[in-house]
Amino acid sequence: MMTRKIKLWDINAHITCQLCNGYLIDATTVTECLHTFCRSCLVKYLEENNTCPTCRIVIHQSHPLQYIGHDRTMQDIVYKLVPGLQEAEMKKQKEFYHKLGMEVPGDIKGETCSSKQHLDSYLSGETKTDENSNKETSEEKEEDNDYHRSDEQVSICLECNSSKLRGLKRKWIRCSAQATVLHLKKFIAKKLNLSSFNELDILCNEEILGKDHTLKFVVVTRWRFKKAPLLLHYRPKMELL
C-alpha cells in the first residue's frame, strides 16, 4: 500500500502563530472563532485589544482573556509534526527557571512524555489505565471548566417575531449563563442557514440586547421576577416593527 508524504511547509500555515510567525507554543484558541495562537503572543496582544488578530471579531468588550482556552490537542499535533520542537522548548523553559534559581515545575518536567502519550492515545483511540493517564484525565477535567460546562444553566425560549424568518424547529434550549447574546445569534444563524449572524437582532421585552450581554446579565436585568424560561425574540436586523 502506497503512502502519501506531505512536506512540512505545506501545512505550516495551519500550525504557526500569526502574531509571531513561529510554530505554536502553548497553543491557545479563541472560543468565539476558533483561531489559534501562542498563549504568550495572544495574552500580550489582548492587553491592548479585544478582537481576534486573524478575523477581527470582537472576543469580548471588556474581558477577552476569559474567552480563550488552551488547545492541548493542537499543541500535541505541532510537537508531533515538527522534529525537535518540543525538546527545544522544554530545554528553554528549564534553563529559564534555572537562571532564576527556581525549581522547575513538575508539569514541565514530564511534559515531553505525557504530551506524546496523549497524542498517540488520541490517534489510536486507546484508553490508558496507568497513573499518568489518571493525571491527564484530571487535567482535562480542569480544562473542561474553561468552556463553561459546569456553570449555572439558563433555560431559553427563542421565538421568531418576523414573517421574513422561519421559526426554529426546537425553540427550547438550555445553555451556560455565561453564554452571550452573540452566541445565540450565531446559533440561530446556523440553524436558519443565514449568511451572517450580523443580520439578526435578539430582543427581550421588546428591547434589543447588546451582543456582549451574558444570559446571566439578561436574566438579572430583564427577567428577574419572571418565571423560567427566559423568553427571547429574534428578527432581521433592519426590521423596525
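Values as computed for the structure displayed
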| quantity | calculated |
| --- | --- |
| Sites Ser195 and Ala88 - FRET efficiency at Förster radius 51 Å, r taken between beta-carbons, to 0.05 | 0.70 |
| Solvent exposure ordering (accessible area, 1.4 Å, most first) of Ile6, Ile208, Ile188 | Ile6, Ile208, Ile188 |
| Between the range 194-218 and the range 72-99, the Cα center-to-center distance that results, in Å | 42 Å |
| Relative contact order for the range 153-236, counting Cα pairs under 8 Å that sit 6 or more residues apart, in percent | 43 percent |
| Met90 - accessible surface, heavy atoms, 1.4 Å probe, Å² rounded to 10 | 10 Å² |
| Solvent-accessible ranking of Thr3, Thr16, largest area first, probe 1.4 Å | Thr3, Thr16 |
| Area accessible to solvent at Cys55, 1.4 Å probe radius, in Å² | 60 Å² |
| Exposure of Phe197 as accessible area (Å², to 10), given a probe of 1.4 Å and all protein chains | 50 Å² |
| Evaluated over the range 8-81, the Cα radius of gyration and Dmax, each in Å | 11.9, 38 |
| Loop sites in the range 11-72: trypsin sites (Lys or Arg not before Pro), DSSP, at most 10 other Cβ within 10 Å | Arg56 |
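The values are calculated or read from the model by the stated rules, or taken from the named source; none is laboratory data. Everything quoted here is computed from the prediction, not taken from an experiment. Backbone-built Cβ (ideal geometry, glycine too); neighbour counts: all protein chains shown. Note: accessible area is taken over every heavy atom of the protein model, side chains too, but ligands, DNA and RNA are not part of it. Shrake-Rupley method; radii C 1.70, N 1.55, O 1.52, S 1.80 Å.
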